[in-house]
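Reading through the structure tokens given below for one structure.
Quick note: the coordinates plus some simple rules give every number you see, no bench work behind them. These figures come from a predicted structure and were not determined experimentally. Every residue, glycine among them, receives a Cβ derived from its backbone with ideal geometry; neighbour counts consider all protein chains shown.
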């Protein structure tokens, strides 16, 4: 680490989630009465930044929101979490990003998102945060903001020997469509196949791995995660929990992974910790509320083993 405490910089999105709960996925043309509704702060960048902060890291978030009610809510929450807002820009022309996750009875979800201000994050605004990226142990990126800004952040990180973790979601780019220098690529199963045009997680992870990448980690939900690096292929089992909402479980996983790697932990140890973070996130409704604290993860790992239900019945 570059200091006594892990430091993470996140260049990413801030999105207000308008969450609906429904018994089933509606058919085309069907009007369905929902069961519940909630508004939650989210966006992959925001979720991962808050997740890293709650796991004990010092965090700088670089992003863009509207000058609107949703933007005000983000600023208040960042202040409550004791996170700086210097590099969270306000847009006078475009509103804060929004998404509509619909959560079904099995805890799975479908999401429609509109990025709005997130896609207006500029290269200049990222460059203004160069000192924060330079001091960080880890830079975390996703595909929910202007790709030119993310690419510039990766270049700055490489110049200052800051490790880069990319969450390639949503997977609207193929691997050949972005040439960012990253150390860790962390897709889920679907994203891995889309990026690598492979057939299955193992084949896709192998295709994504190269001499420029330290490791590819494919998150597999309750099944855990798959790791591919110079030492070969390993699977780390996950946890079966009583799922309430899978929204942002992947962000909790990536926050756990990023914080552990920022502390120079080995990839296998980091993935095992990240699996617990992702599992805990599934037990709460909403994105930001489900990001676990370090103490919660530690207690969970002491009490439960991978592939054991949280109700203790195996």
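Some points to look at:
- Using a cutoff of 8 angstrom between alpha carbon atoms and counting only pairs six or more residues apart, the relative contact order for segment 213-261 works out to 25 percent.
- Relative to the current alpha-carbon distance between residue 68 and residue 197, full extension at 0.36 nm per residue lengthens the span by 42.5 nm.
- Percent of beta bridges antiparallel (DSSP, segment 35-160, rounded to nearest 5): 60 percent
- Peptides 289-300, 266-277, 9-20 ranked from most to least packed, by the mean per-residue count of other Cβ atoms within 10 Å: 9-20, 266-277, 289-300.
- Inter-label distance, residue 79 to residue 1: 2.9 nm, where each label sits 7 Å from its Cα along the C-beta direction.
- Taking every C-alpha pair closer than 8 Å and separated by at least 6 residues, the mean separation divided by the residue count of segment 91-177 gives a relative contact order of 25 percent.
- Taking a point 7 Å from the Cα of residue 114 along the Cα-to-Cβ direction, the residues of segment 1-21 with backbone N closer than 19 Å to it are 13-20.
- Entry note, the chain: relative contact order of 18 percent, from Cα contacts under 8 Å with a spacing of 6+ residues.
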